[in-house]
1. Between Thr50 and Ser116, with labels modelled 7 Å along Cα→Cβ, what's the label distance in nm to one decimal, could you check?
2. Counting Lys +1, Arg +1, Asp -1, Glu -1, what net charge surrounds Thr69 among other residues with beta carbon under 15 Å of its beta carbon?
3. Enumerate the helices in the chain for which the Kyte-Doolittle hydropathy averages 1.0 or more and the C-alpha atoms extend at least 27 Å along the helix's axis, using complete DSSP H runs.
4. Considering the values [x] 0.98; [y] 1.30; [z] 1.27, which represents Rg/Rh (Cα atoms, Kirkwood Rh) as calculated for the structure under consideration?
5. Any idea how far the Cα center of the stretch 48-111 sits from the one of the stretch 119-180, in Å?
6. How would you rank Trp73, Trp7, going from fewest to most other Cβ atoms within 10 Å of each one's own Cβ?
7. Determine the gain in length on full extension of the stretch Asp60-Leu104; use 0.36 nm per residue of separation and subtract their C-alpha separation, reporting nm with one decimal.
8. Between Glu67 and Lys25, how many nm apart are label points set 7 Å from Cα along the C-beta direction?
Amino acid sequence: MIKKSTWIIIIVFLVLVVAMLLIEKYPVGPFLGDSTSTPQPVIIESIDFTQVTKIQITSDSSTVELEKTDGTWFVIGENVTKASPEKVDELIYIMEYLDSKASLDPNTPMDTLGLSNPNQVINLETGNGAIYSVSIGSETPTGSGYYAQLNGGTPQIISIYAGTSLARFSDPNFLIPEIIEP
């Protein structure tokens, strides 16, 4: 014979199943409709990244110059070396989708953001001569992003991922393909 406590557990379980089915079929409150995310504004707008022909990355320790000739990217320096197409594509991808997490007051002193003497400056030049200069400053106090600025405009906050990813490109050897010997 089934005990009284077992019947109570079965009834509670059935009530929960019915409640779940009703909530699923007839949702109420703020959960109505499909959720949509609000896209973050990108730092560099109105540029066709396929038209970028030169990239210059300047940091405290080095300057790396890339130039596109006949569809192939080269690291320009003492020796002209073919650049890794995957790494250049990654750099361009990061720059194309570099989104602003927040805009700051343009009157904020740039030295407090690390933008008066930025850690890194990335210049993109298109075939028609337009130059887009992105300065990467200090890390935010919370460690969630970096301060950035396009062409000396309004300071922005970019993601920590974007800032640390872009820092790798300051090393010219990072852009040179690895030669794997058999």
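Every number here is computed from the coordinates shown, using simple stated rules; none is lab data. Because the structure is predicted, anything quoted here is derived from the model rather than measured. We place every Cβ from the backbone using ideal geometry, glycine too, and count neighbours over all the protein chains shown.
1. 4.3
2. Details: positive: Lys54, Lys68, Lys82; negative: Glu65, Glu67, Asp70, Glu125.
Taking every other residue near Thr69 into account, the sum is -1.
3. On the way: long enough: 4-25 (32 Å, 2.15).
Those that clear 27 Å and a mean of 1.0 are 4-25.
4. Of the listed options [x] 0.98; [y] 1.30; [z] 1.27, [y] comes from this structure.
5. Computed from Cα coordinates, the inter-centre distance equals 7 Å.
6. Trp7, Trp73
7. On the way: separation 44, 0.36 × 44 = 15.84 nm, distance 2.46 nm.
Taking Asp60 through Leu104 to full extension adds about 13.4 nm, to one decimal.
8. Calculated label separation equals 7.1 nm.
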